[in-house]
Each structure stands twice: as C-alpha cells, then as structure tokens.
Amino acid sequence: MSTGYTAEQILESLDRADPKPGARPKFPVFDEAYVYFVDARLSAYRDDTAWAIVIERLGFNPRGVGHNGIRLDLYFYGTGVTLETDRWGFRHQALNVTSDGPDGPTFDGIEDVRPDVRSIRIRDTVVPVRTDEAHYAARGIDREAVSESHVADLLRSYERRLRSFIKHPPRRPVPDDARERFATQLREKLEKYRGEFDFRGHHLLRGLLPEYRQPLLATERERRNGLREGLPLFLQLDGWTHPDIMNRELPSETEAFQLLANAMAAGDPTLYRPTVRPNTNWHHWPEGGSL
C-alpha cells in the first residue's frame with residue numbers, strides 16, 4: 001500500500017533538525033552540557049497520509065533552580081505535528097512534573113537535595129524519597145563528586161568522540177596524545193575530590209527509576225497535544241540507539257532511525273528489528289550537565 005511519504009523523507013526531516021553552526025541542536029541531545037540526562041522514550045505515530053515522532057527527554061538542569069530544573073522535554077517531528085515552531089525553530093514542549101512533598105522543601109539551594117527529605121510529589125502523587133547511599137549504589141548511581149566509575153564513563157565517551165572524527169573531521173586537528181591528556185586531567189580531578197559526596201537533583205531523579213518512570217514521563221494526552229487528532233500510535237520505544245548529535249552524527253546514520261523510518265513508511269512495525277544495543281541509559285551520556 002502506498003503512503004504519502006517515504007522512509008527517505010522521514011530521515012531527511014529528522015536530519016534537518018541538525019544544528020547550524022553556533023545554533024542549539026533541534027534534535028534531542030542526551031549529553032547536553034547544561035542538562036543531566038536521566039531517561040528517554042520515543043513514540044511513533046502514523047497513518048497512510050501523515051507521520052510523527054515524539055521524543056521525550058527527562059533531565060535536570062541546575063540553572064532552572066530546584067524543581068524548575070527537573071524538566072521533561074518533548075520534541076516533535078513529522079507531517080502529523082500541529083505545534084508551531086517557536087522562535088528558536090523548535091517544535092517542542094517542556095513540562096515540570098515534580099514539586100515539594102508534604103515534609104517540606106525538596107531542595108536546599110539551587111541543585112542540592114535536602115539531606116533529610118522524605119518525600120516528593122510527582123504530578124499529584126506523593127512518593128517516598130530514599131537518602132541512604134546504599135539505595136543509590138545498588139542502582140549504579142555514584143554520588144561521589146568525582147568517582148572511578150564516572151571517570152571510566154567519561155573516558156569511554158571521549159573515545160567515542162575520537163572515533164566520530166573519522167566520519168566527521170573536526171575543524172582543528174586532534175593531537176595524537178589527546179586521549180592521554182584528557183585521562184591525566186581526569187585523574188588529577190579524581191584525586192582532588194576523592195571522598196567528597198553530593199546529593200543533587202539528578203541523583204534524586206535517577207534514584208526514582210524505574211519505579212516512578214511512568215509518572216515522570218509524558219502521558220498519551222500530553223504527547224497528543226502536539227499531534228493531529230486521531231493519528232494512531234504505531235510504535236513506542238523505551239530504548240534505542242540515539243545519534244551522537246554533539247559529535248555531528250545524524251539520525252539517518254543510526255540503525256534505529258533507519259529501521260524506524262522504513263517501518264513507518266511501510267506501515268509494518270515488525271520491520272523494526274534492531275541489532276545494535278540501545279544507548280539511551282544515562283550511563284552512556286556522562287558529559288550531560290558538565291557545565
């Protein structure tokens with residue numbers, strides 16, 4: 001059955017969200033320097049005349065201050081999207097889904113969580129907050145200011161960046177000893193802050209997963225606020241291979257979006273059969289929130 005669009009047109013539309021020099025990316029960035037990445041979800045909608053993709057990014061931006069820094073960003077793409085572009089060229093909605101619990105303020109200052117906080121409100125529901133280190137350690141959440149595991153994640157991310165330069169060469173040559181220089185800087189930082197612990201907004205959010213993932217992400221009604229009425233849900237993904245936007249990788253260069261575009265154009269969700277492991281866990285994007 002023919003449709004009013006092709007897989008190539010879907011990928012071209014997603015690629016056009018790539019930033020122009022000096023502009024902020026219009027495609028979700030999971031290692032954005034201002035935002036600690038927490039979680040994501042992708043919802044695809046289609047019929048034979050229109051298509052839409054909604055990508056949710058849950059994160060914590062300390063500059064938002066407290067609960068205003070806990071942001072759920074929804075990015076909309078496709079011919080079935082009804083949102084107008086904003087002044088930056090985005091078709092985007094931002095939601096704040098948390099607030100203080102009944103025992104008092106969640107935050108002590110801009111990003112630090114109050115050490116004796118006991119609850120938080122997610123939408124209209126009060127949920128308990130754990131403050132013990134064991135809870136976070138069991139989930140791989142290291143609250144050390146700089147830890148061995150975080151350094152290892154940063155090194156892997158840096159090596160990924162170096163590999164990306166093969167396909168997308170940087171404007172300036174990369175020194176041969178660039179990795180070792182970066183590793184030395186990380187080791188020095190590790191020694192400087194060894195034994196110091198934090199409890200900040202991104203620790204809190206990550207510690208609420210997976211139990212409270214659903215209320216922290218968007219509802220179907222919230223996603224549909226930006227879509228043509230009646231456009232059917234086609235496929236929903238909780239994990240996929242996301243492009244490394246900051247290193248100039250495009251959606252069309254990733255298996256997940258190639259497969260998704262083909263499946264949507266054909267109207268057959270079984271065509272989405274990825275072979276590459278998802279990278280949407282926050283561990284894969286350690287440079288998020290680094291500024």
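The values are calculated or read from the model by the stated rules, or taken from the named source; none is laboratory data. None of these values were measured; they are calculated from a predicted model. Cβ: placed from backbone, ideal geometry, glycine included. Neighbour counts: every protein chain shown. Only protein heavy atoms, including side chains, enter the accessible area calculation; ligands, DNA and RNA are left aside. Shrake-Rupley method; radii C 1.70, N 1.55, O 1.52, S 1.80 Å.
For segment 75-116, which residues satisfy the criterion of being open to solvent by less than 30 Å² (accessible area, probe 1.4 Å) and either touching a Pro at 6+ places or on another chain (Cβ under 8 Å) or aromatic (Phe, Trp, Tyr) (or both)?
Tyr75, Phe76, Tyr77, Phe90, Val97, Phe107
Yes/no matrix, rows are residues, columns are (1) hydroxyl-bearing (Ser, Thr, Tyr); (2) in a loop (DSSP other than H, G, I, E, B):
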position	(1), (2)
Arg63	no, no
Asp73	no, no
Gly89	no, yes
Gln93	no, no
Arg121	no, no
Thr131	yes, yes
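So which residues in segment 166-177 are in contact (Cβ under 8 Å) with a residue 12 or more places away in the chain and either under 30 Å from Val126 (Cβ atoms) or over 27 Å from the mean Cα position of the chain (by Cα) (or both), if there are any at all?
Of segment 166-177, the ones in contact (Cβ under 8 Å) with a residue 12 or more places away in the chain are 167-168, 174.
Val174, the sole residue that qualifies.
Could you please let me know if Arg273 is under 19 Å from Glu159 (Cβ atoms), basic (Lys, Arg) and open to solvent by 70 Å² or more (accessible area, probe 1.4 Å)?
no
Among the residues of segment 126-150, what is the count of those that are in contact with an Asp or Glu (Cβ under 6 Å, 6 or more places away or on another chain) and closer than 14 Å to Leu205 by Cα?
Residues that pass the stated criteria total 1.
Quick one: is Asp31 part of a strand (DSSP E or B), touching a strand residue (DSSP E or B) at 6+ places or on another chain (Cβ under 9 Å) and modelled with pLDDT of 90 or more?
Against the criterion (part of a strand (DSSP E or B), touching a strand residue (DSSP E or B) at 6+ places or on another chain (Cβ under 9 Å) and modelled with pLDDT of 90 or more), Asp31 does not qualify.
For segment 182-205, give me the residue count where each residue is open to solvent by 30 Å² or more (accessible area, probe 1.4 Å) and touching a residue at least 60 places away in the same chain (Cβ under 8 Å).
Residues in segment 182-205 being open to solvent by 30 Å² or more (accessible area, probe 1.4 Å) and touching a residue at least 60 places away in the same chain (Cβ under 8 Å): 3 in total.
Just to be sure before I move on: is Gly195 touching an Asp or Glu at 6+ places or on another chain (Cβ under 9 Å) and at positive phi in the structure I sent?
yes
Mind listing just one residue for me: the one in segment 245-270 that is in contact with an Asp or Glu (Cβ under 8 Å, 6 or more places away or on another chain) and open to solvent by less than 20 Å² (accessible area, probe 1.4 Å) and, of those, modelled with the highest pLDDT?
Ala261
Somewhere in segment 133-142, is a residue without any contact (Cβ under 8 Å) to a residue 12 or more places away in the chain, of a type in the set (Gly, Ala, Ser), in a loop (DSSP other than H, G, I, E, B) and loosely packed, with under 14 Cβ neighbours inside 10 Å?
In the first step, residues of segment 133-142 are kept if they are without any contact (Cβ under 8 Å) to a residue 12 or more places away in the chain; the result is 134, 137-138, 142.
Okay, now just the ones that are also of a type in the set (Gly, Ala, Ser), so 134, 137-138.
Okay, now just the ones that are also in a loop (DSSP other than H, G, I, E, B), so 138.
Retained after the next criterion (residues that are loosely packed, with under 14 Cβ neighbours inside 10 Å): 138.
Yes, because at least one residue in segment 133-142 is without any contact (Cβ under 8 Å) to a residue 12 or more places away in the chain, of a type in the set (Gly, Ala, Ser), in a loop (DSSP other than H, G, I, E, B) and loosely packed, with under 14 Cβ neighbours inside 10 Å.
Quick check on segment 219-244: of everything there that is among the hydrophobic types (A, V, I, L, M, F, W, C) and over 19 Å from Arg160 (Cα atoms), which residue is surrounded by the fewest Cβ atoms within 10 Å (Cβ to Cβ)?
Only one residue fits best here, namely Leu233.
Looking at the structure I just gave you, is Val127 under 30 Å from Asp103 (Cβ atoms) and among the hydrophobic types (A, V, I, L, M, F, W, C)?
Yes; evaluated as a whole, the condition is true for this residue.
Tell me, please, whether a residue that is touching a residue at least 60 places away in the same chain (Cβ under 8 Å), open to solvent by less than 40 Å² (accessible area, probe 1.4 Å) and assigned to a loop (DSSP other than H, G, I, E, B) can be found in segment 146-163.
No, segment 146-163 contains no residue that is touching a residue at least 60 places away in the same chain (Cβ under 8 Å), open to solvent by less than 40 Å² (accessible area, probe 1.4 Å) and assigned to a loop (DSSP other than H, G, I, E, B).
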